[in-house]
Amino acid sequence: MANKTLVPGRGVNGRDRAERRLAVRMTAPSLVIMALVAAVPIGYAIWLSLNQYSVRTAGLSRFVGLENYISALSSSEWWAAFGQTFLFAGLSVSLELALGTAMALLLNLAFKGRALLRTVVLLPYAIITVVSAITWQTMFQPNMGLVTNVLSALGLPGGDVVWLGEHGYAMAVIVLADVWKTTPFAALIILAGLQVISSETYEAAELDGASKWQAFVHITLPLLRPAIVLAAIFRTMDALRVFDLPFVLTRGANGTESMSMLAYTQLRENRLVGEGSALSILTFLTVMVVSVIYVRFAGGNIREVAKEEQ
Amino acid sequence: MIELRAGSLRTRLVTVAAAAIAAGLLISGCGGGAAPQGAEQAAAADPASGANASGSVNICGVKDASGIYKGTAEAFTKANGKVTAKYTEIGATTDEARTQIVQRLEGKSTECDIFLTDVIWTSEFASQGWLLDQTKLVEANKDRLIPSTVETTKYQDKYWASPFFTNAGLVYYQKDKVAKPETWQQLYAEAAKAPGNGYVYQGKQYEGLTVNFLEMLYSAGGEVLDDKGEVAIDSPETRKVLDFMSNGLKNGSADRAVLTYNEDPARLAYESGNFGYQRNWPHVYRLLNATSLAGSFGVAPLPAWEGGKASGVLGGWNLAISAHATNQSGAVAFIDFATTPEWQKHVAMDYSQAPVNEAAYSDAAVLQKMPFATELLASVKGAKPRPISPVYPQISQAIYKNVYAVLSGTASAEDAVKKMAEEITTAKASF
């Protein structure tokens, strides 16, 4: 389907050049819009992060170069938030991918009411995060929360744990809340991947005497890899920017303060625009680096798989 | 098909990256916008101007949950005849309202004549040249205002707002289980005696924890900043209070769940009847009376530290006139009305808020609606403002984060005190 004449680096003839000029003209408006919505704010934020604004000077700035970055990178708070954010992302994304794959396989089966079930499983994703965070907070409330009450009633351990008031437990609740909410999203992407695998491949495997499990390991999983990688990229980028869950559930206490929360506190509560912007840029760079790594390594896989398919 | 998907993956990556940038960076754009060029010398409000005011006055602030702001504006409009007052809600929560107010003030907006300000915002707003100096107005009304409430409007020897209603912590206690608290030591000892006697307060990592901690610190004779504004938190009193609070969690005086409580969860836990004491604000009285606990609980002012005297921390809301107000005389007339002894009685009777006029507390009609008015007045008069500084938010963070670390058992009191002092010093240096 790809139009070969538009691939750069191939032989250039007159018709190609005309088409390329046309392509440039047609994409120009969206490039300008992209520049306005992306490049301008980034540029402005980078400029802000190189200045120091104090409450005393009421908005007047002083150019300080990389000072804000140096002080952020030498603070224990930044590294604590950095580690906590990665811990959160690692735990939540791996659980979401595993559960999402299982859910997608289930939804891919032909059974009555499948369409309805597909809609229903998406419900958690449709709920605003802040609202679901407040619900989780209520459920894990000590003394009167649903979870603590059920655990105590069943005589299970955990009924007397102050879930959101203890190190470790607080992170577990936040991961759980995120997994509950976004697993359906991962499942949806993986399901789309499942549906492009042709049934002929399985029929051929069956003829060759492959078991269901062998078919899953040797056919489904490799062919599903691009979809899983895509889901992983989306979820990782979101997870690294996490703000609302820890903000509502713990206000960053008990080892749950994320990089975005730190930036928010400096910008909004303390009105330290320079320091806060430096923290946002650092958060942004972290997300960028991680996604570039994904595309470089996992993205290569996508291309390989594509070639094999051809 | 898959070739296309690989291509669209990259396209989508760019989109996601753009969204990430926009989300992360738009926030930063807001803070740096049109800011005033240096703190200007703010003009002063003329107390006499209210008499011949006309036109309309717009008061802006947080969502009007109890109806007090709109009610006051309506009553003023009716009583004054010449000036119309209107209340505009600009934020659902205190934090949101503050953001909205700061944006308007930085942008020199003339939309609002009066801003409803939390007592802890005064120094920051005044230091920016955002408010009209109300010293003369406050001086003229001083004899009808409780001195501690006037203190919350002070910055660098001038008054920048007029108190509208105040707020002070109270202790609610189950009369059949525990004794009325006189000292913190007695309260904690009594609370540890039986499982159902426990104490609940606001121990989550947020502003409320700063308040709960300062109430105890002040009564123990400690302070955050001394009279000269120097950091004074590294003191034996701070260590004593931190140890006391963390021991209270260990020996069961206070329920460990308080580490997750702000005002409402504390109230709800107390309503279950499983606790003896609760520290909360006056509005809880009305809510508790609507539960099965009605009639069985008493209200007390905050206790003293053993061998000392009680001293709480003031909350409440003030009326500040914007430096860019278009109707300053109308604003003065409104403030005059809102602080009259007559209207202050309504503040208590109609809206269950703590008046800033002392006489209101002994008024028979008020006492009927608010039987704990005497205890409340004792708390209000004994209360001190929170540390006065334009960088108050940072000071409060230094306090609540480190106090929380001690309470949750991740830091020793000694380390926390050192860190608090260090962070408050850094915060002060950022101004």
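The values are calculated or read from the model by the stated rules, or taken from the named source; none is laboratory data. What you see is a predicted model, and the numbers here were worked out from it, not measured in a lab. With ideal geometry, Cβ positions are generated from the backbone for all residues, glycine too; neighbour counts draw on all protein chains shown. Accessible surface is based on the protein model in full, side chains and every heavy atom, while ligands, DNA and RNA are left aside. Shrake-Rupley method; radii C 1.70, N 1.55, O 1.52, S 1.80 Å.
Okay, here's what the table says:
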| quantity | calculated |
| --- | --- |
| Filtered residue count, the stretch B:59-83, keeping only those that are under 22 Å from the mean Cα position of the chain (by Cα) and open to solvent by 10 Å² or more (accessible area, probe 1.4 Å) | 9 |
| Criterion: free of Cβ contacts under 8 Å to residues at least 40 places away in the same chain, within 24 Å of A:VAL242 (Cβ to Cβ) and open to solvent by less than 60 Å² (accessible area, probe 1.4 Å) - qualifying residue of A:GLY100, A:GLY113, A:GLY83 | A:GLY83 |
| Yes/no for B:PRO390 being under 30 Å from B:GLU423 (Cα atoms) and open to solvent by 10 Å² or more (accessible area, probe 1.4 Å) | yes |
| Inter-residue pairs, beta-carbon under 8 Å, first within 13 Å of chain B (Cβ to nearest Cβ) and surrounded by fewer than 20 Cβ atoms within 10 Å (Cβ to Cβ) and in the stretch A:53-79, second hydroxyl-bearing (Ser, Thr, Tyr) and assigned to a loop (DSSP other than H, G, I, E, B), 6+ apart | A:SER54/B:SER430 |
| Pairs where the first residue, in the stretch A:33-49, is at the interface with chain B (Cβ under 8 Å from one of its Cβ atoms) and the second is open to solvent by 70 Å² or more (accessible area, probe 1.4 Å), C-beta under 7 Å, 6+ apart | A:PRO41/B:LEU26 |
| Residue match in the stretch A:252-268 (condition: in a helix (DSSP H, G or I), open to solvent by less than 20 Å² (accessible area, probe 1.4 Å), modelled with pLDDT of 95 or more and within 10 Å of chain B (Cβ to nearest Cβ)) | yes |
| Count - residues of the stretch B:152-203 that are in a loop (DSSP other than H, G, I, E, B), in contact with a helix residue (DSSP H, G or I) (Cβ under 7 Å, 6 or more places away or on another chain) and over 24 Å from B:LYS384 (Cβ atoms) | 4 |
| Qualifying residue in the stretch B:418-427 (condition: touching a strand residue (DSSP E or B) at 6+ places or on another chain (Cβ under 7 Å), at pLDDT 95 or above and of a type in the set (S, T, N, Q)) | yes |
| Extreme residue, farthest from the other protein chains (Cβ to nearest Cβ), among residues of the stretch A:231-244 that are open to solvent by 20 Å² or more (accessible area, probe 1.4 Å) and either without any contact (Cβ under 8 Å) to a residue 12 or more places away in the chain or under 23 Å from A:ALA98 (Cα atoms) (or both) | A:ASP238 |
| Qualifying residue in the stretch A:148-160 (condition: farther than 30 Å from B:ALA269 by Cβ, exposed (fewer than 15 other Cβ atoms within 10 Å of the Cβ), modelled with pLDDT under 85 and away from every other protein chain (no Cβ under 14 Å)) | no |
| Filter pass, B:LEU249 being open to solvent by 10 Å² or more (accessible area, probe 1.4 Å), within 12 Å of another protein chain (Cβ to nearest Cβ), part of a helix (DSSP H, G or I) and within 21 Å of B:GLU414 (Cα to Cα) | yes |
| Residue match in the stretch B:289-312 (condition: in a helix (DSSP H, G or I) and open to solvent by 50 Å² or more (accessible area, probe 1.4 Å)) | yes |
| Total residues in the stretch A:269-279, condition open to solvent by 10 Å² or more (accessible area, probe 1.4 Å) and touching a Ser or Thr at 6+ places or on another chain (Cβ under 6 Å) | 0 |
| Selected residue [in a helix (DSSP H, G or I), among the small types (Gly, Ala, Ser), within 24 Å of B:LEU209 (Cβ to Cβ) and free of Cβ contacts under 8 Å to residues at least 40 places away in the same chain] from B:ALA360, B:ALA427, B:ALA411, B:ALA421 | B:ALA427 |
| Index of the failed condition, B:GLN368 passing every other in (1) over 21 Å from the mean Cα position of the chain (by Cα); (2) open to solvent by less than 30 Å² (accessible area, probe 1.4 Å) | (2) |
| Leading residue by the ranking (surrounded by the fewest Cβ atoms within 10 Å (Cβ to Cβ)) among those in the stretch B:253-270 that are more than 9 Å from chain A (Cβ to nearest Cβ) and part of a helix (DSSP H, G or I) | B:ASP264 |
| Qualifying residue in the stretch B:201-213 (condition: among the β-branched types (Val, Ile, Thr) and within 28 Å of B:ALA348 (Cβ to Cβ)) | yes |
| Unique match (being more than 20 Å from the chain's Cα centre (by Cα), at pLDDT below 95 and over 30 Å from B:ALA53 (Cα atoms)) among B:ALA304, B:ALA294, B:ALA254, B:ALA310 | B:ALA294 |
| Within the stretch B:209-234, considering residues that are without any contact (Cβ under 8 Å) to a residue 60 or more places away in the chain and small (Gly, Ala, Ser), the one least open to solvent (accessible area, probe 1.4 Å) | B:GLY222 |
| Matching option when the condition is of a type outside the set (S, T, N, Q) and in contact with a Phe, Trp or Tyr (Cβ under 8 Å, 6 or more places away or on another chain), among A:ALA18, A:ALA72 | A:ALA72 |
| Failed condition for A:PHE247, given (1) more than 7 Å from every other protein chain (Cβ to nearest Cβ); (2) hydrophobic (A, V, I, L, M, F, W, C); (3) under 30 Å from B:ILE395 (Cβ atoms); (4) open to solvent by less than 40 Å² (accessible area, probe 1.4 Å) | (4) |
| Qualifying residue in the stretch B:413-427 (condition: open to solvent by less than 30 Å² (accessible area, probe 1.4 Å), under 21 Å from B:LYS154 (Cα atoms), among the hydrophobic types (A, V, I, L, M, F, W, C) and away from chain A (no Cβ under 12 Å)) | yes |
